[in-house]
Each structure stands twice: as structure tokens, then as C-alpha cells.
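J.: I have a structure here, written as C-alpha cells, and I will follow up with some questions on it.
What follows is calculated from the coordinates using simple rules that are stated; it is not laboratory data. Given the structure is predicted, the values throughout are model-derived calculations rather than measurements. Here the Cβ is made from the backbone with ideal geometry for all residues, glycine too, and neighbour counts use every protein chain on show.
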Amino acid sequence: AADGFADVAIISEMLTGVSDDSACRRGTLLCAPHVGALKALHVALEKTAANVAKGWGSGGHELPCWPLRTCPYSVVDESVRAGKPKFRLTTDLSWPHAGMIVDSGGDVDSVNDGIDRSRWPANRLMRVADLGEAAALHSGSGRRRSRVWSLDCTAFYRAVGRQRAEL
């Protein structure tokens, strides 16, 4: 079905899963609460329980090995912007910070520190005002009908195929 498709990297990711670009050493991932999650603990527990129920995570209190890489979670209150009670669960992939945990191989690195962003292409994102102006110009040209839409990628990073070795 992909015969002649120019971007073979996309075909590879469809067949084998998406890579997370991080070259950090494999280890144990422990989610620990940030202060924001502790302040809204009932919301944090509801959100993490929902992740477990959907099969996106697991819970427990036994630490299987040490040292371990931590990925603290928090809760962001977006109620003012949303105009109704709305909370978002976040994760902090910058932990542990350099020098915080050391094993026989050196620092236990974070997922973010394991990513070489210098190899990434520049990604200049369009501003909403620019999109509106482009849509108005296109629509005002009288040559074509214009449509603008949005797409909600709810939990996209959880639903997209991942490489088994990176889970």
C-alpha cells in the first residue's frame, strides 16, 4: 500500500512503531508526585487510576531496583481558561537532574537529557493570527471555497504505535 510513498521513515514507523528519540539507558520508571499533584491529590489519584484502568500504566508501592529513573507527575488546573472545572495530568521528563542519582555507569540520565535536539530540524510553528489571515486571503480570492478545522489529539502519545523496546 505504501509503494511509491516518498517518506519511508513514516512507513517504517507505521510498521515498527514510533521511536521516542531518547538514547538514555534503559531503567525503571517510577512516577512520583510533584507539589502540584500533592495540592490536588484527589484529582491526581483519579487521573492516575484512569490511566491504570485504560492499561496505560500500573500502580504499586514496591521498588524493584535501585537506582531508578524518576518521572514525577503533577496536575495543572486549567479551569479558568476552560470556564469549567478541568485538570490535566502532566509528567516531567527532565528528572533526575544531572548528579542527583549515580550508579556504577555514571549519572542516571533523564529521558530529556538522552535526546540530541541538535539533530532536529527547525520547526517554525504558525501563529493563529497567521492562519486566520491566510484563510481570509484564500477565502477572499473567490477562486475556491475555504474550510478551517481543528483536530483533538486526546492522548495521542498514548494511542500512537510505539516500538516495543522503548516501552
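J.: By how many nm would the segment from residue 122 to residue 10 grow when fully extended, if each residue of separation counts as 0.36 nm and the alpha-carbon distance is taken off? Working shown, then result.
T.: On the way: separation 112, 0.36 × 112 = 40.32 nm, distance 1.86 nm.
So the chain would gain 38.5 nm between residue 122 and residue 10.
J.: Rank-order 146-152, 85-91, 110-116 by packing density, defined as the average count of other C-beta atoms within 10 Å over each peptide's residues, highest first. Numbers along the way, then the final one.
T.: Numbers: 146-152: 7.6, 85-91: 14.0, 110-116: 16.1.
Result, highest mean Cβ count within 10 Å first: 110-116, 85-91, 146-152.
J.: Give, as ranges by residue number, the residues of segment 114-136 whose backbone N falls under 15 Å from the point 7 Å along Cα→Cβ of residue 143.
T.: 134-136
J.: Ok, one more. So who's got an amide H within less than 5 Å of the one on residue 115, skipping anything under 5 residues away but keeping other chains? H placed 1.01 Å off N, in plane.
T.: Residues meeting the criterion, in which the H sits 1.01 Å from N, are 23.
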